[in-house]
Amino acid sequence: RKVQLILLLCLCSVFAVAQNATTASRLFEEGNYEAAQAAYKHLLQGNPRYPLYLYRYARCAQQQGDYETAITYFNKAGDKYPLKYFYLGDMYMHLWRFDEAITAYDTYLQSLSSPNERVPYIRQQVHKAEKMQRYLKRVEK
């Protein structure tokens, strides 16, 4: 009887975690980034190194303009999601961290197996970052 109760509780906890992950994913897909971030934060408490949760938490922070938090969590997420480098490049540009933006964009371009619609935009951003970097060096002199 006790074994059945323990199995039932374990099964319920598995369904609860799956339900939370499904809810977080649904909120993220709907664009409700504030609620999704809270859901992913809760999921990260139970599984702090899970790459998808880290990536999605970072995307939620990025969508809300919290770039420092987003950068931190993108870096924790590892390299499983190369699209993070595209987002990192944009955030670094916004924060005037041009060297890091160029590196992030280059890493993203290297991860592509075939060209996509982002390539012209990225090349334009890299050119802009190089130009802004030169301007900053002139101002420092």
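The values are calculated or read from the model by the stated rules, or taken from the named source; none is laboratory data. Because the structure is a prediction, the values reported are computed rather than measured. Reconstructed Cβ throughout: ideal geometry from the backbone, glycine too, with neighbour counts over all protein chains shown. Note: accessible area is taken over every heavy atom of the protein model, side chains too, but ligands, DNA and RNA are not part of it. Shrake-Rupley method; radii C 1.70, N 1.55, O 1.52, S 1.80 Å.
Observations
- Two-site FRET efficiency, LEU83 against GLN45, from Cβ-Cβ distance with R₀ of 22 Å, rounded to 0.05: 0.30
- Once both labels are positioned 7 Å from their Cα atoms along Cα-to-Cβ, the gap between ALA35 and HIS127 label points is 4.3 nm.
- Alpha-carbon centroid distance for the pair region 66-141 / region 22-58, whole angstrom: 23
- Residue-averaged 222 nm ellipticity for the chain, from DSSP H runs of 4+ at -39500 (n - 2.57), nearest 500: -27000 deg cm²/dmol
- Counting only residues at least eight positions apart within a chain, or on another chain, the aspartates and glutamates with an alpha carbon under 19 Å from that of LYS141 are ASP99, GLU130.
- Reachable lysines, given that their alpha-carbon falls under 25 Å from the alpha-carbon of LYS76 and they are not under 8 places away in the same chain: LYS41, LYS84
- Evaluated on the chain, the Kirkwood hydrodynamic radius is 17.0 Å, with distances taken between all distinct Cα atoms.
- Those lysines that a straight Cα-Cα span of less than 18 Å connects to LYS128, excepting residues fewer than 8 apart in one chain: LYS137
- Entry comment: accessible area of the chain is 66 Å² per residue, from protein heavy atoms only and a probe of 1.4 Å.
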